[in-house]
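The values are calculated or read from the model by the stated rules, or taken from the named source; none is laboratory data. All of these numbers come straight from a predicted model, not from anything done at the bench. As a convention, Cβ positions derive from the backbone with ideal geometry for all residues, glycine included, and neighbour counts pool all protein chains shown. Surface areas here come from the heavy atoms of the whole protein model, side chains and all, with no ligands, DNA or RNA. Shrake-Rupley method; radii C 1.70, N 1.55, O 1.52, S 1.80 Å.
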Amino acid sequence: MNKRFLIASGGTGGHFYPGLALGKELRRQGFSVLFVVRKNDPAAQILDTHKLRYKEIDFTGLPRSVNPLRHLKFWAKFFKSLNQTRRIIKDFRPDAAVGTGGYISFPLIFTAHFMGVKTAVHDSNARLGLANRVCGKFADLFMLGLPVDKKIRNSVLTSTPIRGEFADAADRTAVLEGLGLDPAKRTALIFGGSQGAKGLNAASAQAVKELAKTARGWQFIHITGERWFGVIREEYAGLGNIAVLPYSHEIYALMRTADLAVCRSGASTLAELIYCRLPAILVPFPHAAADHQYYNAKILQEAGCALLVREDKNLEENLLEAFKRVTGKGRQLASMRGSYGRLHIPNPMTASKEIVKLLRHL
């Protein structure tokens, strides 16, 4: 009998892309997959592109304010979403329901549990989100992308699934020459996510301009996000050895080519760094829930794979100092790359297959 799996996924890329990778692997192995996403979530367009089926539910996250109208709206959508999820489960008849983090997981995991369906949760971060902490009480299996500091019932460390494109070999010469850069020089890749990051962009640009005076053997690729592209490109006016991009659909090729990354420390980014064994300077997003990006970054910092720089008023100065530490020592990069062996985190490229094995055992 063909097994059937429901996956609640969406919201941020860190929650959605692990679910997407899992869904594609389940389909590849011949299982039926149906996604549950929030109404009007952009993730639906990506699922359409990959020809993966989905159902929408009308749900919203728990308000962080004391505004009573927002709380009334939340509870109205909460009970509505439970009814919608119940109908989806009745119609699809899944063998297991999986949540990959974010508030969209809760209606599925909660409802599936009380309808007698086996449930599993995956959290990519070193600090669990509120939704997953609650979902964990109803989960038969709790899968972890990174080690956490608290004991969790029925938990197993799986790492976080990443896109299969990362397994493709990158032609360093072709990639760098295509950007007008020199394949013989060491390359730092700077990025702040698909939307860019104002503080990280500005501080990185100033640090790179200063570093360009002394680090002659280095060059830089700076992905700014569409919003900040024009501003940052102007900052670099007149400087060579720098490629400025608004966005890249081939981030996997750039990460396989680079010698150093300067980036945020979202869980999906960390999984990609771990797979590529790419030394990094990590600047956690300062407003992440429960400061989880800081705790993510701390894992790589303590292993020696990365330097951690806080985003505060001294970001530019501290980022420049971190750049100098890495670029000024010949053996530093090799040491950081080798330190990934200390992590003992399962291979992110095979995480989807391992998760499917666990789900089948449910």
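Key figures for this structure:
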item: Theoretical ellipticity at 222 nm over the chain - DSSP helices of four or more residues, -39500 (n - 2.57) apiece, nearest 500; result: -12500 deg cm²/dmol
item: Potential extension, residue 114-residue 72 segment - 0.36 nm per residue separation minus Cα distance; result: 12.7 nm
item: Over 27 Å (Cα to Cα) - which of 51/118; 77/357; 73/198; 118/353; 151/198; 39/298 fall in this group; result: 77/357; 73/198; 151/198; 39/298
item: Protection-proxy order for peptides 349-362, 227-240, 104-117, each taking the mean of Cβ atoms within 10 Å per residue, highest first; result: 104-117, 349-362, 227-240
item: For the range 90-227, share of DSSP beta bridges that run antiparallel, in % to the nearest 5; result: 0 percent
item: Radius 13 Å from Cβ of residue 93, net charge of other residues (Lys, Arg +1; Asp, Glu -1); result: +4
item: 168, 123, reordered so the largest accessible area comes first (probe 1.4 Å); result: 168, 123
item: Neighbourhood net charge (12 Å Cβ-Cβ; Lys/Arg +1, Asp/Glu -1) for residue 198; result: 0
item: Relative packing of peptides 172-180, 205-213 - highest average C-beta neighbours within 10 Å first; result: 205-213, 172-180
item: Mean Cβ neighbour count within 10 Å, used as a protection proxy, ranking 154-164, 253-263 highest first; result: 253-263, 154-164
item: Cβ-defined net charge surrounding residue 215, 9 Å radius [Lys, Arg +1; Asp, Glu -1]; result: +4
item: Selected from 214, 187, 85 as most flexible by GNM, with the chain as the system and alpha-carbon contacts under 10 Å; result: 214
item: Nitroxide proxy distance, nm - points 7 Å out along Cα→Cβ at residue 168 and residue 206; result: 3.8 nm
item: Charge dipole (the chain, unit charges on Cβ, about Cα centre) - positive-most of 84, 66, 229; result: 84
item: Choice from 291, 41, 91 with maximal GNM fluctuation in the chain (Cα, 10 Å cutoff); result: 91
item: P(r) tail fraction, the range 220-341 - alpha-carbon pairs more than 23 Å apart, %; result: 32 percent
item: C-alpha center-to-center spacing [the range 84-121, the range 167-192] in angstrom; result: 43 Å
item: Within the chain: Cβ-based charge dipole about Cα centre, in debye rounded to nearest 20 (Lys, Arg +1; Asp, Glu -1); result: 1240 debye
item: Label-point separation, residue 45 to residue 332 (7 Å along Cα→Cβ), nm; result: 4.0 nm
item: Cα Rg, Dmax (largest Cα-Cα span) when computed across the range 64-111, Å; result: 12.8, 39
item: Residue 64 paired with residue 312, simple spin-label distance in nm, labels 7 Å along Cα-to-beta-carbon; result: 2.0 nm
item: When the convex hull of its Cα atoms is projected in every direction, mean area for the range 97-210 (nm²); result: 10.6 nm²
item: Carbon and sulfur %, accessible surface of the chain computed with the full protein complex present, 1.4 Å; result: 50 percent
item: FRET efficiency for residue 362 and residue 291, using Cβ-Cβ distance with R0 set to 35 Å, rounded to 0.05; result: 0.60
item: Candidates 46, 221, 274, ranked by Gaussian network fluctuation over the chain, Cα under 10 Å, top entry; result: 46
item: Shape category assigned to the range 33-136 from the gyration tensor of Cα positions, a/c cut at 1.5; result: rounded
item: For the range 21-138, accessible area per residue (1.4 Å probe, heavy atoms of protein chains only), Å²; result: 51 Å²
item: About the Cα centre, charge dipole magnitude for the range 140-282 (Lys/Arg +1, Asp/Glu -1 at Cβ), debye; result: 440 debye
